[in-house]
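For reference, the structure is listed below as structure tokens.
What follows draws every value from the coordinates through simple rules; no lab data is involved. This one's a predicted model, so the numbers in the text were calculated from it and none came from an experiment. Virtual Cβ from ideal backbone geometry, glycine too; neighbours counted across all protein chains shown.
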Amino acid sequence: MRISDSIASEFNEFSKDYTNDMIKCVPYYNTLISSFTKNLPPNFEPLTILDLGCGNGNVTAQLLSLFPKAQYTLVDASEEMLNICKVRFKDYHIHCVASYFQDFEFSKNAYDFIVAGFSLHHCNSDDKKELFNKIYTALKPNGIFSCSDLMIDKKSDEHTALLEKWKTFVLNNYPSKEKWEWLMEHYSEFDKPDSFPDQKNWLEHVGFKTFSTLINDTYWVHCQVIKSY
Ligand SMILES: C[S@@+](CC[C@H](N)C(=O)[O-])C[C@H]1O[C@@H](n2cnc3c(N)ncnc32)[C@H](O)[C@@H]1O
């Protein structure tokens, strides 16, 4: 397996067996995906939802089970991923946008709920900070931003230990080393995770309040923040 030369083409290729690959390559994938519908405020009824880096739609699928009538905007750089979503969600109010986050026009006060599943680690620290600011502005008052991701600084001492545990997990599912080697090539080229404390600081800096955090094994994190005044 070879990696591609851009995020969009990498995920066009990845889309072929995406969910199976994610479950077998990403520890806690199912837990962290199902976290998007947990611990929400009791009367939270979003009418407008933005899924950033929707991929083949696994986060949106969770949300549709709770909020089938909401208007969804799905953004992804990969056209192939969006094509899967268009078929998968043809019976719902779904608007798909093929765009990099950096080029996407975030309307002000437009969304009740913004979600990002395993997509923001593709952005570097500065892009994340800018994105958090745009997400804050794009949310309505009391809107929620929720994300699941790998959150660790690649330069930290703990990173080597994380890779060892991760490798054991992947080799358990794919005993030949080919998948792990591809994953590490992908990780080195496309993945720029930041630690949870750093991201929490950046979120709070733009105005968010953290209200719920689930951390599995320290670095596989689900976090929810609210735009409250
Ligand atoms: C690992 S997948 C996650 C998909 C889905 N949210 C999930 O949780 O299974 C990351 C997705 O984000 C998209 N992506 C990554 N960086 C992006 C960027 N800067 N702009 C737009 N889409 C991006 C990729 O194309 C890919 O479909």
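Among Thr137, Thr210, Thr168, whose mean-square fluctuation peaks in a Gaussian network model of the chain (Cα, cutoff 10 Å)?
Highest fluctuation among the options: Thr168.
Suppose a student asked you for the relative contact order of the stretch 7-226, using Cα pairs under 8 Å spaced at least 6 residues apart; what percent would you report? Show your work: numbers first, answer last.
Details: 365 pairs, mean separation 46.9, N = 220.
Averaging sequence separation for qualifying contacts and normalising by length gives 21 percent for the stretch 7-226.
Apply the Karplus curve 6.51 cos²θ - 1.76 cosθ + 1.60, θ = phi - 60°, to the phi angles in the stretch 19-34 and return the couplings in whole Hz, x for Gly and Pro.
Per residue, the Karplus-derived 3J(HN,Hα) values read 5, 4, 5, 5, 4, 8, 10, 10, x, 6, 3, 5, 4, 6, 6, 6 Hz.
For the stretch 1-128, calculate the relative contact order in percent as a whole number, restricting contacts to Cα pairs under 8 Å that are 6 or more residues apart. Each step should come with its number before you reach the end.
Numbers: 173 pairs, mean separation 35.7, N = 128.
About 28 percent, as a whole number.
In sequence order, what are the phi-derived ³J(HN,Hα) couplings for the stretch 81-92 according to the Karplus relation 6.51 cos²θ - 1.76 cosθ + 1.60 with θ = phi - 60°, rounded to whole Hz, with x for glycine and proline?
Rounded to whole hertz, the list is 4, 5, 4, 4, 4, 4, 6, 4, 10, 4, 8, 10.
Can you tell which of Leu74, Ala8, Leu63 lies farthest toward the positive end of the dipole of the chain, using +1 and -1 charges on the Cβ of basic and acidic side chains (Lys, Arg; Asp, Glu)?
In the chain, that residue is Leu63.
5 Å is the cut-off here: which amide hydrogens, built 1.01 Å from N in the peptide plane, fall below it relative to Gln71, excluding neighbours closer than 5 in sequence?
Thr48, Ile49
For the stretch 135-211 and the stretch 2-73, what is the separation of their C-alpha centers, rounded to whole Å?
Measuring centre to centre over Cα atoms gives 15 Å.
Dipole magnitude of the stretch 113-229 about its Cα centre, charges +1 at Lys/Arg Cβ and -1 at Asp/Glu Cβ only, in debye to the nearest 20?
Details: 14 positive and 17 negative charges, 103 e Å.
The calculated dipole for the stretch 113-229 is roughly 500 debye.
Check the straight Cα-Cα distances from Lys69 and name the aspartates and glutamates below 12 Å, setting aside those fewer than 8 residues away within the same chain.
Straight-line reach from Lys69, under 12 Å: Glu45, Asp91.
Take the cross-link list Lys16/Lys86; Lys129/Lys209; Lys38/Lys134; Lys24/Lys86; Lys24/Lys154 and give me the ones stretching past 18 Å between alpha-carbons.
Details: Lys16/Lys86 15 Å; Lys129/Lys209 15 Å; Lys38/Lys134 24 Å; Lys24/Lys86 25 Å; Lys24/Lys154 22 Å.
Too far apart for the 18 Å limit: Lys38/Lys134; Lys24/Lys86; Lys24/Lys154.
Magnitude of the Cβ-charge dipole of the chain, K/R +1 and D/E -1, about the Cα centre, nearest 20 debye? Don't skip to the answer; put the middle values down first.
Details: 23 positive and 31 negative charges, 153 e Å.
Using Cβ point charges on Lys, Arg, Asp and Glu, the chain gives about 740 debye.
If every alpha-carbon in the chain counts as one equal scatterer, what log10 I(q)/I(0) does Debye give at q = 0.10, 0.18 1/Å?
Per q value, in the given order, log10 I(q)/I(0) is -0.43, -1.50.
List the residues whose amide H sits under 5 Å from the amide H of Cys123, counting only those 5 or more places along or on another chain, with H placed 1.01 Å from N in the peptide plane.
Close amide H contacts, sequence-distant or interchain: Lys192.
Amide H neighbours of Cys96 under 5 Å, counting only residues 5+ apart in sequence or on other chains, H built in-plane at 1.01 Å?
Correct list: Leu74.
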